[in-house]
Amino acid sequence: MSGTISGQEQRAAEQLNVDLIPGTEVMTDVGGAHFAKAGGRETGSVLVPHPSSSPNDPLNWSRPWKIIVAVSQLFYVWVLVCSALSIAPMFPFLGMEFHLDQQQLSLLTGLNVITLGFANILIVPLANIFGRRPISIIFGFLVVLTNIWQALATSHRSLLAARACNGIVAATSETIMVQVIADMFFLHERGFWMGTYFTMYFSGAFLGPIMAGNIAARHGWRSFFWLTVALAAFSTILLIFTFPETKYHRNSSASAKATSQTDEKILDSEANSELGAEQVGKGKPSKAQWLPVQKPDSRWKSFVIRDLTTPILVFFNPIVFWAALMLAGPADLLLIFNLTESGLLGSPAYGWSPSAVGYSNFAFFVGGIVGVATAGPLSDWVARRATIKNNGIREAEFRLPALIPFVCFFIISHVVGAVGYDRLWPWQAILVCGFGFSGLAVTAIPTIAIAYAVDCYKPISGEIMVVGTVMKNVLGFCLSYWVFDVHVTNGWTGVFMTQFAVSMLPVVLTVPLYYFGKSLRRWTKNSDLHRMEALI
């Protein structure tokens, strides 16, 4: 949500007697508000945020251009995650070569996960200062180098260092795409694209192990890293030719000034907004947006201060903290399954080969596809229906009821892990109701939760993901330490029920958030967080 309210929105809100605060949108033509048009068609939603009148504004780019840009960035995300989080099926080979126990092997994932999270504290300000395009390309080349290091590692210490560095440079996969979504897409489109992003992110963790297990079994574990070298190089080159700069500075102060000045100026502001609406779907990137290096923003000191301090400040924001936990819970359940799949399915009880263990990750992938196919559209549909019943006024909380079916699958996957692992249930039940349902939850639940937080605090979409990924990855790093120790003393039931307790805390808090979320937003309506979009 933009940090400013236009004259037409304010007057529409007054006619409808609405408390217009960030996260509350007027989605009706009351008071002269216009509906979004894309390619001459009515979309049924007003333009939020309001685009500028420039055809180079990413909000105004044509649908084909937006899809090209999004697909190139999504493929980049998939490759980076695949290279970082796919080594679990290779644990038997790595253990034999470097003489590692189960905990040392899990640390190869854990160390990568922790650096993956904290690196975003630096990546977000870099992307705001230099742009999304150059940072993505530079870090893409660094991913190539770290994958070469992993392929050539000759000792456990060297491999561990390579894994840590790979996590740092692959961290662009966790924040830049979210910034791009906020740069290019309107409010009513974000649910779908957030779902698509999470699907590509987690499918890298789903499909990567399938590739890793089979390649390692046939050609050795180093061959998988050489494959990721080629994939990372290709995706980076693809970005050079298909990913223009999406960071765009709009003069958002005009509408804010208009609301406090004369009616004539208000009308001028509305006319400009309508002109911007006419440009939607007709624009394209300019030559300047294709430059390999963007001129550093002259306000870079402000960005550094803002982007280093804002994640700390928003960490204590109840809505952002809740969204971070809703991202962390499903992701860390998936991590538990990922860390333990090789030991369980490769045990004498099942006797699966590393290649077969890799194939088990198809269950995560199928579940993830179902999640993205339903979560984004369902949350948008639920919010739209509630908006109609609310006389065209959309509250950010209207998305939240869409979480209910996905939380049910999430609970079932915990139970299957706790009981099915200990009692050695048939592999079909573990894969479908454990792996599959967790894959569904890990794409669906964060899609809705993060979209809700971004609806409330659009100017800090990158920082929201920083908080979420740090929370997710710190907890994931802790898992790599305690999961096998807890298993020894309390069995798999102790492991999964501990994770269940952590995961259910934010789920339970969703109920009061639905009823009192607007009050939380009202408390922060005058916060500087809502004025940061003008800075960006």
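Of note:
- A cut-off under 14 angstrom between Cβ atoms defines the neighbours of SER413, and their net charge, with Lys, Arg +1 and Asp, Glu -1, is -2.
- Using Cβ point charges alone (K and R +1, D and E -1), the dipole size of the stretch 58-248 about the Cα centre works out to roughly 220 debye.
- Filter on LYS282/LYS458; LYS287/LYS525; LYS287/LYS458 - keep pairs with C-alpha separation over 32 Å: LYS287/LYS525
- When nucleic acids and ligands are ignored and a 1.4 Å probe is applied, ILE312 ends up with an accessible area of around 110 Å².
- Backbone HN-Hα couplings from phi across the stretch 465-481 [Karplus 6.51/-1.76/1.60, Hz, Gly and Pro as x]: 5, 4, 4, x, 6, 4, 4, 4, 7, 5, 5, x, 5, 4, 4, 5, 8
- In Hz, Karplus ³J(HN,Hα) per residue of the stretch 283-289 (6.51, -1.76, 1.60; θ = phi - 60°; x = Gly, Pro): x, 7, x, 8, 4, 4, 6
- In order along the stretch 170-182, the phi-based Karplus estimate (6.51 cos²θ - 1.76 cosθ + 1.60, θ = phi - 60°) of 3J(HN,Hα) comes to 7, 5, 4, 5, 9, 9, 5, 5, 5, 5, 5, 4, 5 Hz; Gly and Pro are listed as x.
- Fraction of accessible area attributable to carbon and sulfur, the stretch 317-535 (%, probe 1.4 Å): 71 percent
- Simple Cβ-charge dipole of the chain, Lys/Arg +1 and Asp/Glu -1, about Cα centre, in debye nearest 20: 600 debye
- Helix axis angle, 221-242 relative to the chain longest principal axis, alpha carbon, degrees: 10 degrees
- Under 5 Å between amide hydrogens, built in the peptide plane, is the criterion, and for TRP61 it picks out GLY281, GLY283 among residues at least 5 positions away or on other chains.
- Using a probe of 1.4 angstrom and keeping all protein chains present, the accessible surface of the stretch 337-400 works out to 38 square angstrom per residue.
- Excluding ligands, DNA and RNA, the accessible surface per residue across the stretch 64-194 is 28 Å² with a 1.4 Å probe.
The values are calculated or read from the model by the stated rules, or taken from the named source; none is laboratory data. Note that the structure is predicted; figures quoted are calculated from it, not measured. Ideal geometry is used to build each Cβ from the backbone, glycine not excepted, and the neighbour counts take in all protein chains shown. These accessible areas exclude ligands, DNA and RNA; they are computed on the full protein's heavy atoms, side chains included. Shrake-Rupley method; radii C 1.70, N 1.55, O 1.52, S 1.80 Å.
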